[in-house]
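Let me give you the structure first, and then I'll get to my questions.
Taken together, the values in this text are just the output of simple stated rules run on the coordinates, not laboratory data. In this text, all values refer to a predicted model and were calculated from it rather than measured experimentally. Please note: Cβ atoms are built from the backbone with ideal geometry, for glycine as well, and neighbour counts cover all protein chains shown.
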Amino acid sequence: MNKVAVVTGAARGIGLATANLFSERGYLTVALDIAESELDKSKIDFLKCDVSMENEVKEAIDFTVKKYGRIDVLVNNAGIVLVKPIEEISWQEFLRVVSVNLGGTFLMIKHVVPVMKKSNGGAIVNVASISGHVGQVRHSIYGATKGAIIALTKSLAWELAPYNIRINSVSPGSVDTEMLRSDVAVEAKRLGLSFEEVKKMREEEQAFHRWADPKEIAEVIYFLASDNASFITGADLLVDAGWAAK
Ligand SMILES: NC(=O)c1ccc[n+]([C@@H]2O[C@H](COP(=O)([O-])OP(=O)(O)OC[C@H]3O[C@@H](n4cnc5c(N)ncnc54)[C@H](O)[C@@H]3O)[C@@H](O)[C@H]2O)c1
């Protein structure tokens with residue numbers, strides 16, 4: 001029997017690479033996003049869903065259960081970044097970042113856990129960030145949501161273990177996606193530098209002096225969701241080429 005995976009924020013970037021990997025390896029894959037996607041809809045179910053809207057989350061989970069009867073894996077990848085000095089962040093911007101990054105992760109877990117309990121288990125992988133581990137200048141609220149996701153993961157590991165549900169997070173360093181490129185463009189403008197200059201600075205934060213390919217993160221997400229990680233719960237796996245180790 002094929003396992004079923006739900007991946008949020010799967011229209012592009014890390015989420016797209018993750019949805020494609022699960023699908024290639026035999027999972028029935030349901031991809032959720034607010035944006036249109038390049039993914040192959042003949043192989044992967046794609047649904048419009050804003051993870052910060054509880055009714056949309058519920059509809060997406062109901063669709064998946066109706067079509068496939070179970071959910072074995074949930075990947076909470078949807079997220080937005082905010083690159084600003086603290087005094088320039090509006091209350092509305094604060095609420096949006098918290099609602100999508102932390103709120104979306106909460107809502108997806110809240111509605112998927114009852115489904116996993118019914119089928120006696122599952123695996124959840126949350127996408128946190130290096131920003132939840134190290135102080136990244138002008139990423140304060142974004143980093144705070146990622147630190148919160150790591151804390152949420154630890155607490156739920158104990159809460160969900162009796163139901164055979166494992167939950168872990170990954171913390172990527174810099175990954176070559178539209179999110180990072182827009183982040184670098186904003187910083188370049190603020191600092192009066194070129195995009196390439198800021199890109200180089202960001203590459204140097206990692207011991208391999210390059211950004212990750214989204215597929216390198218997808219592989220780690222896949223591992224944590226797989227039975228090969230059967231004794232891992234409540235963990236955060238840094239995929240940062242040594243950034244936090246410095
Ligand atoms: N790129 C990096 O360097 C990096 C580093 C660490 C962590 N991350 C995290 O990885 C995850 C994926 O990031 P990415 O770099 O692929 O970004 P991205 O911007 O390329 O992709 C994010 C996707 O999430 C979707 N999304 C945004 N808000 C949503 C919402 N409310 N509901 C549903 N979907 C929504 C977007 O439409 C987009 O398709 C994010 O959680 C991000 O914080 C990224």
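What are the pairs with Cβ atoms under 8 angstrom where one residue, in the range 1-15, is without any contact (Cβ under 8 Å) to a residue 60 or more places away in the chain and the other, located anywhere, is of a type in the set (Asp, Glu)? Sequence gap at least six, or different chains.
Ala11/Asp33; Ala11/Glu36; Ala11/Glu38
Just wondering, is there one or more residues in the range 53-64 that are part of a helix (DSSP H, G or I) and touching a residue at least 60 places away in the same chain (Cβ under 8 Å)?
Scanning the range 53-64, I find at least one residue that is part of a helix (DSSP H, G or I) and touching a residue at least 60 places away in the same chain (Cβ under 8 Å), so the answer is yes.
Right, next: When you scan the range 2-45, how many residues do you find that are at negative phi and either assigned to a loop (DSSP other than H, G, I, E, B) or more than 11 Å from the ligand (Cβ to nearest atom) (or both)?
Final tally of qualifying residues: 30.
Among the residues of the range 74-100, count how many are within 15 Å of the ligand (Cβ to nearest atom), surrounded by fewer than 15 Cβ atoms within 10 Å (Cβ to Cβ) and not aliphatic (A, V, I, L, M).
Number satisfying all stated conditions: 2.
Does the range 47-68 hold any residues that are of a type outside the set (Ser, Thr, Tyr), crowded, with 19+ Cβ neighbours inside 10 Å and more than 11 Å from the ligand (Cβ to nearest atom), and which are they?
Ile61
Quick check on Ile71: is it more than 16 Å from the ligand (Cβ to nearest atom), crowded, with 21+ Cβ neighbours inside 10 Å and not polar (S, T, N, Q)? Reasoning before the result, please.
Values: more than 16 Å from the ligand (Cβ to nearest atom): yes; crowded, with 21+ Cβ neighbours inside 10 Å: yes; not polar (S, T, N, Q): yes.
Yes.
Still on this structure, please answer the following. Quick check: is even one residue across the range 201-215 in contact (Cβ under 8 Å) with a residue 40 or more places away in the chain and under 27 Å from Phe106 (Cβ atoms)?
Yes: the range 201-215 contains one or more residues that are in contact (Cβ under 8 Å) with a residue 40 or more places away in the chain and under 27 Å from Phe106 (Cβ atoms).
So, one more: Given (1) crowded, with 18+ Cβ neighbours inside 10 Å; (2) at positive phi, identify the lone condition not met by Asn164.
(1)
Among the residues of the range 202-214, write down those that are loosely packed, with under 14 Cβ neighbours inside 10 Å and not small (Gly, Ala, Ser).
Glu204, Phe208, His209, Arg210
Let me ask something else. Can you find, within the range 81-111, the residue that is nearest to Gly122 (Cα to Cα) among those that are without any contact (Cβ under 8 Å) to a residue 60 or more places away in the chain and β-branched (Val, Ile, Thr)?
Top of the filtered list is Ile109.
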